[in-house]
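These notes are about the structure you will find just below.
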């Protein structure tokens, strides 16, 4: 089956630092999404990005579909960025998402 | 706008007991999903329903049953709970062909 691998598994940052999270997937993609799970467990959709680059404030994401990876950039990190970041792969918009195991980010003041 | 609502939020069961997790969405979505989240494992799909009246198995369906009661509601039943089913359960929904998926707040289940 499809493999979705995220790295690093854990990341600790000082407030204000930048970071890059990586997601590798083993099959061609038509639906690639990034999520943030806050410390209370709530899952929030950050990006739908099957290809190209998108930016939303301090966060941006890039997917290179031909090389089967996606990157999530967090700039000027804040303590509120802490939590777990998941990428999820889907064959299409009509099929369920397959999640990676996540990157746990801790931003310390 | 409630979005996706799950109940109960917390539950403790004894081994062998049964229970049903309820999920409802008010966004008129066709597709609904049940995932479980275990430490270090990400979210794994248990069952999903692409439309009212249809259900399909996901990656980890053993020990669970589902019912798509109507377009709004998708329930998950544990017939005979086992400690291995201790987990956080998330219900989610999405519109057909659209890519934004919305999650409920999760249900924390402990089986002792």
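Each value in this text was obtained by applying a stated rule to the coordinates, not by laboratory testing. Bear in mind that the values here come from a model prediction, so they are computed numbers and not experimental data. Here the Cβ is made from the backbone with ideal geometry for all residues, glycine too, and neighbour counts use every protein chain on show.
Taking the Cβ of each residue in B:35, A:48 as the centre, tally the other Cβ atoms inside 10 Å and list the residues starting with the fewest.
A:48, B:35
How big is region A:30-99 by Rg and Dmax over its Cα atoms, in Å?
12.2, 36
For a quick check, take a GNM of chain A with Cα springs below 10 Å and name the residue from A:30, A:94, A:45 with the largest mean-square fluctuation.
Residue with maximal mean-square fluctuation among A:30, A:94, A:45: A:94.
Within a 10 angstrom radius of the beta carbon, how do A:92, A:19 rank from fewest other beta carbons to most?
So the residues, fewest neighbours to most, are A:92, A:19.
In Å, the Kirkwood hydrodynamic radius of the protein assembly as shown over pairs of distinct alpha carbons?
About 17.9 Å, per the Kirkwood formula over Cα pairs.
Dividing the alpha-carbon Rg of region B:45-107 by 2.2 N^0.38 Å yields what?
Working it through for region B:45-107, the quotient is 1.14.
Pairs of alpha-carbon atoms within less than 8 angstrom and 6+ residues apart define the contacts here; what relative contact order does chain A have, in percent?
37 percent
Convex hull over the alpha-carbon atoms of chain B: what's its volume per residue in Å³?
93 Å³
Binning every alpha carbon pair distance of region A:8-59 at 10 Å from zero, what are the percents per bin?
Distribution as computed: 16, 49, 32, 3 percent.
Can you give the relative contact order of chain B as a percent, counting alpha carbon pairs under 8 Å and 6+ residues apart?
Relative contact order for chain B comes out at 36 percent.
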